[in-house]
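Engineer: Quick one: structure below, then a few questions.
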Amino acid sequence: MTGRPTVVRRAPGKLYVAGEYAVVEPGNPAILIAVDRYVTVTVSDPGEPGVVLSSDLAARKAHCRWQDGRLGGSGPEDEQLLRESFAHVAAAVEIVGRLLAERDLPVPALDISVSSELHDNGTKFGFGSSGAVVVATVAAMAAHCGLDLTRDARYRLAMLATAGLEPKASGGDLAAGTWGGWITYRAPDRAAVLDLARRTGVEEALRVPWPGHEVRALPQPKGLSLEVGWTGTPASTSSLVSGLDRRTWRGSASHQRFVETSNDFVRASIDALEGGDREGLLRQIRRARQELARLDEEVGLGIFTQRLTALCEAAEAVGGAAKPSGAGGGDCGIALIDAEASLDIAHVRKRWTTAGVRPLPIRPAMEGNAE
């Protein structure tokens, strides 16, 4: 089928404010921010059969064809490129393809092009680029194929696509990329929703409640400036999270304490945000840092690098609050500092730069995936 419109959709990256690690388990809350760096996906007719994938992060295009509802490379080189560079894009295409098939709609030939602001010369910042590309791909392909999907349906499709690749991924990046702004998020049971889609179909999985799952918008903090520092070193969230399993941490007394403490300071942070309690929020972010430090010391994951520690210390020295954002081990840290204390903010940025941390001009992205 030809003549379909070219569609462009983008999705913002994310930063964790509080609740990382605990949010991996269904029902535990976290707070995230969508940030104004984007992955953009363009979907158009390719002028040839199959699916053509390209990205500003890949050396060349991957030419693919459908094989029993899955995308496969047209040749060995395409297959390798598909799995190494386009796995998340392919998963998003496949889940939308399943929905089209359930609705007895054809899956058209597709040309899908990806561009990312979530990397620096190919190195990721830690803004959740894989999640953003799934969200943007789902939205762009759905619009190109004439599917009118709610925001919740787009998130659910993205979650199903991601869970099939990364069963431990919480999906917080998907929620931030879909809703935008400051949000509180609870992850569904990914194994359960994948099984639901397998047993009853994707359409039904979009319709029924997902136990434990929640996304809710939060107000921005009043009188506080969000400062973001990049360590220049990429970190693997999946490796760090899996490291806890290898250390038999899950199910231990330490694990239970960590989850209970995390849930407590996340709920208190939500109350502070909704109540406009600036000092209360700063106290809870400091608690979040302290609990991550306790976990790191006890389990030895390497959450706190030298640069992340320096980032936190510089912000707290001027009365702010700071912590690693996400799994740590590199990537970014965040700080909240009095918005009117311009000299303090300049001082923190200077100390960061001296410590090898690059201040990034990041602001919340108040809208989720959009044209």
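Engineer: Calculate how steeply helix 237-246 sits against the longest principal axis of the alpha-carbon atoms of the chain, using the helix alpha-carbon long axis, and give the answer as 0 to 90 degrees to the nearest 10.
Structural biologist: Once rounded, one gets 70 degrees.
Engineer: Then there's this: Cβ neighbours within 10 Å, averaged per peptide: list 207-213, 164-170 in order, most packed at the top.
Structural biologist: Put in order of decreasing packing, that is 164-170, 207-213.
Engineer: Take every Cα-Cα distance within the chain, group them into 20 Å bins from 0 onward, and report for each bin the whole-number percent of pairs it holds.
Structural biologist: 30, 56, 14, 0
Engineer: Related question: Given charges of +1 on the Cβ of Lys and Arg and -1 on the Cβ of Asp and Glu, with all other atoms neutral, how large is the dipole of region 221-360 about its Cα centre, in debye to the nearest 20? Mind dumping the intermediate values first?
Structural biologist: Numbers: 18 positive and 18 negative charges, 73 e Å.
Computed about the Cα centre, the dipole is about 340 debye.
Engineer: Suppose only helical runs count, i.e. DSSP H with n ≥ 4. What mean residue ellipticity at 222 nm does that imply for the chain under -39500 (n - 2.57) per run, divided by all residues and rounded to the nearest 500 deg cm²/dmol? List each step's numbers first, then the result.
Structural biologist: Working: 12 runs with 161 residues, N = 371.
That comes out to -14000 deg cm²/dmol.
Engineer: Net charge near THR237, counting Lys/Arg +1 and Asp/Glu -1 over other residues with Cβ under 13 Å of its Cβ?
Structural biologist: Numbers: positive: LYS14, LYS124, LYS168; negative: GLU20, GLU166, ASP173, ASP331.
The answer is -1.
Engineer: To continue, here is another question. Which net charge results when you count Lys and Arg as +1 and Asp and Glu as -1 among the other residues whose beta-carbon is under 11 Å from that of ALA191?
Structural biologist: +1
Engineer: A follow-up question, please. In nm², what is the average projected area of the convex hull enclosing the Cα atoms of region 221-360?
Structural biologist: If I average the Cα hull's projected area over directions, I get 8.0 nm².
Engineer: Relative to the longest principal axis of the C-alpha atoms of the chain, give the angle of the C-alpha long axis of helix 151-165, reported between 0 and 90° and rounded to the nearest 10°.
Structural biologist: Taking the Cα atoms of the chain, the angle to 151-165 is about 90 degrees.
Engineer: What is the magnitude of the charge dipole of the chain about its Cα centre, with +1 placed on the Cβ of each Lys and Arg, -1 on the Cβ of each Asp and Glu, and no other charges, expressed in debye to the nearest 20?
Structural biologist: 340 debye
Engineer: Right, here's the next one. How much net charge surrounds ILE270 when only other residues with a Cβ under 12 Å from its Cβ are counted (Lys, Arg +1; Asp, Glu -1)?
Structural biologist: Neighbourhood net charge equals -2.
Engineer: Also: In debye to the nearest 20, how big a dipole does region 7-217 give about its Cα centre with +1 on each Lys and Arg Cβ and -1 on each Asp and Glu Cβ? Intermediate values should be presented prior to the final figure.
Structural biologist: Values: 22 positive and 26 negative charges, 75 e Å.
With only Lys, Arg, Asp and Glu charged at Cβ, the dipole is about 360 debye.
Engineer: Considering only LEU15, TRP230, LEU71, whose Cα is most displaced toward the positive end of the charge dipole of the chain, charges sitting on Cβ of Lys, Arg (+1) and Asp, Glu (-1)?
Structural biologist: TRP230
Engineer: Per the Cauchy relation, a quarter of the hull surface: what is the mean projected area of the convex hull of the alpha carbons in region 7-217, in nm²?
Structural biologist: 10.8 nm²
A short reminder: the numbers here are calculations on the coordinates, not readings from a lab. The model shown is predicted, which means the values in this text are computed figures rather than measured ones. Neighbour counts are summed over all protein chains in view; Cβ atoms, including those assigned to glycine, are modelled from backbone coordinates with ideal geometry.
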